[in-house]
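Presented below is the structure to which this report refers.
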Amino acid sequence: MLKDIYEVEKALFEDGVQTVLRAQENRYRSVDILKGNLVSNSRRETRGISARVGKDGLYGFASIAECSDEAAKMVLKAAADNVKLLTRHRGNTGIILPPSYGTGRIPTNGDIVDAEQKRIIDTCRKIDDYIAQKYPDLDSREVYYSEDSQDRIIYSSDAYDGHLVTPRCYIYIIMSLKTKDGTPVELFKALGGFGSFEDNFSDIEQYYPEFEKLYKKVKDKAEGVYAEAGYKTVVLGGMMGGMLAHEAVGHTVEADLVMGGSVAGPSLGKRVASDLVNLVDFAHTFDGNPAPLPVYLDDEGTKAADAVLIKDGILTGYMNNRETAEKFGMKPTGNARGWSFADEPLIRMRNTCVLPGKNTVEELIESVDDGYYLIDSGNGQADLTGEFMFGVTCGYEIKNGKLGRALLDTTVSGVAFEMLKTVDMLSNEVEWYSSGFCGKKQQMSVGMGGPHMRCKIMIGGR
């Protein structure tokens, strides 16, 4: 764990100059077992210090791959020199930040416990052996362990300080079979989440029911059919709703992308969804429990709070850093984050979720006479107009309110702010997913989720 030397580092700050100093270590672990063979086994860390120094509304950034008192001095000087260079070349000032919305110190929220690599490998082998014996008809199986944990210290001249850790790790179970014509189909399930290895995988038998569910779905898919292309009534599972919340809506309401011309700019204060839809980027707590990937303090020293984006179908706000919050007259809620010590913080999502409704999942499915139940997506993309296309890797027909045959891979597409206006039922439970990355310039770990939702969407065929 990084050493917290608060008094020493804060003494290096120049009086009256807005400064943020960040020390950060990222830890990566991976193990990959393919059909019983260990094909990947790696461990690495990155560690360093960065500084952001402001003058007349302009900001200089610098980083160095070292954590020491001398490195802190060097990086602060380099950032100060960079802002002086900007001032000479720009010839004008940027947005001068007002005093922050509070100062203080966020306490350390835990530690990152490093498991021995052999312990990780043995656990993955145990899972692989179980799957091989339990489901011998699989054409292929893979057990992949991935960990990317962050340990960061934030010192700010005029905002909050804090020492925060974000451990997360997952085991991906991938199963593959062939259709009758020999075409391979596969599905995967990510197990784990926030916490270290022992937090998530000290008892792997708890996950055996998930293996059974995954096996059944891939068996169904191997006998599946192609969807009928067209504009259809569908029930989107929580994962699909979370993907929509993140990719098709979330990025359009990141304030830097609003400034870049996203559809959310002229839509503020207007209806963008049915009145059932509420969308929030949660900081660290959801429904009284920790959010999937809690963020208590961002990399500008802003104390994290929830960002309400859509309320009763009306677009009410953006996700901001301190600079864009001042520009738009909003309050920053702690969305400025950098992936590694060398990355300047960007406006990023944290735990973005559509809030639940009142119906059960069964009621949603029973309400559809002829449509589809779309459960999982392997990928997705959207642009600043809100136009999206997502792959669907797992789904079923709905006929007369009952589930029918499984679907082979297909796609869905649409324009988010139009599609959300068709939402007319939401389930009363939220499903969260946190194993993926957001790729906005630099990767970032994010959580996304939502209830099941009934809506209309364009679905592809074969």
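So, with +1 on the Cβ of K and R and -1 on the Cβ of D and E, and no other charges, what is the size of the charge dipole of region 152-305 about its Cα centre, to the nearest 20 debye?
On the way: 14 positive and 22 negative charges, 148 e Å.
Charge dipole of region 152-305: 700 debye, to the nearest 20.
Counting charges near residue 11 (Lys, Arg +1; Asp, Glu -1) among other residues having Cβ under 12 Å from its Cβ returns a value of -3.
Take the chain with all the other protein chains still there, run a 1.4 Å probe, and you get 43 Å² of accessible area per residue.
Every Cα-Cα pair of region 102-202 was included, and the share exceeding 17 Å stands at 63 percent. Can you give the Kirkwood hydrodynamic radius of the chain from its Cα pairs, in Å with one decimal? Computed over the chain, the radius equals 23.6 Å. Simple point charges give the picture: +1 on the Cβ of Lys and Arg, -1 on the Cβ of Asp and Glu, and for the chain a dipole about the Cα centre of about 700 debye.
With a sphere of radius 14 Å drawn around the Cβ of residue 27, what net charge do the other residues whose Cβ falls strictly inside it have (Lys, Arg +1; Asp, Glu -1)?
On the way: positive: 29, 43, 44, 47, 152, 168; negative: 25, 45, 111, 114, 116, 147, 148, 151.
Residues close to residue 27 contribute a combined charge of -2.
The dipole here belongs to region 27-75: it is taken about the Cα centre, uses +1 on the Cβ of Lys and Arg and -1 on the Cβ of Asp and Glu, and is about 260 debye. Between 107, 124, 62, the Cα set farthest toward the positive side of the dipole of the chain (charges on each charged residue's Cβ, about the Cα centre) is that of 62. Can you classify region 43-151 as rounded, prolate or oblate using the Cα gyration tensor, where a ≥ b ≥ c are the square roots of its eigenvalues, rounded means a/c under 1.5, and otherwise it's prolate if a/b beats b/c and oblate if not? In terms of gyration-tensor shape, prolate.
Using 28 Å as the Cα-Cα cut-off, could you pick out the over-long pairs in 35/440; 221/440; 55/331; 217/402; 221/358; 221/402? Violating the 28 Å limit, Cα to Cα: 35/440; 221/440; 221/358.
At a Förster distance of 51 Å, what's the computed FRET efficiency of residue 116 paired with residue 287, Cβ-Cβ distance as r, to 0.05?
Numbers: r = 36 Å, r/R0 = 0.70.
So, using R0 = 51 Å, E works out to roughly 0.90.
When only Cα pairs below 8 angstrom with a gap of at least 6 residues are kept, region 375-462 shows a relative contact order of 24 percent.
Protection proxy ranking for 201-214, 167-180, using the average of other Cβ atoms within 10 Å per residue and placing the highest first: 167-180, 201-214. Packing order of peptides 149-158, 115-124, 257-266, highest average first: 149-158, 257-266, 115-124 (average count of other Cβ atoms within 10 Å over each peptide's residues).
Between rounded, prolate and oblate, where does region 221-359 land on the alpha carbon gyration tensor, with a ≥ b ≥ c its root eigenvalues, rounded for a/c under 1.5, else prolate if a/b exceeds b/c?
Numbers: a/c = 1.81, a/b = 1.55, b/c = 1.17.
The shape class here is prolate.
I need the fraction of alpha carbon pairs in region 396-462 separated by more than 15 Å, rounded to a whole percent. Value for region 396-462 (Cα pairs over 15 Å): 72 percent. Farthest toward the positive end of the dipole of the chain, out of 435, 334, 264, is the Cα of 264, where the dipole comes from beta carbon charges about the Cα centre.
Mind checking region 249-335 for chymotrypsin sites (Phe, Trp or Tyr not before Pro) that DSSP puts in a loop (not H, G, I, E or B) and that have at most 14 other Cβ atoms within 10 Å? Spell out each step's value before the answer.
On the way: sites: 282, 286, 296, 318, 328; in loops: 296, 318.
Of the chymotrypsin sites (Phe, Trp or Tyr not before Pro), not one in the loops of region 249-335 has a Cβ with at most 14 other Cβ atoms within 10 Å.
Using helices alone, I'd like the mean residue ellipticity at 222 nm for the chain: each DSSP H run of four-plus residues gives -39500 (n - 2.57), total over residue count, nearest 500. Let's see the in-between values first.
Working: 11 runs with 97 residues, N = 462.
Helix-only estimate at 222 nm: -6000 deg cm²/dmol.
Here region 217-374 exposes an accessible surface that is 48 percent carbon and sulfur, computed with a 1.4 Å probe and the other protein chains kept in place.
The values are calculated or read from the model by the stated rules, or taken from the named source; none is laboratory data. On a predicted model such as this, the values are computed, not experimentally measured, just so you know. For neighbour counting, all protein chains shown are included, and Cβ atoms are generated from backbone atoms with ideal geometry for every residue, glycine included. Only protein heavy atoms, including side chains, enter the accessible area calculation; ligands, DNA and RNA are left aside. Shrake-Rupley method; radii C 1.70, N 1.55, O 1.52, S 1.80 Å.
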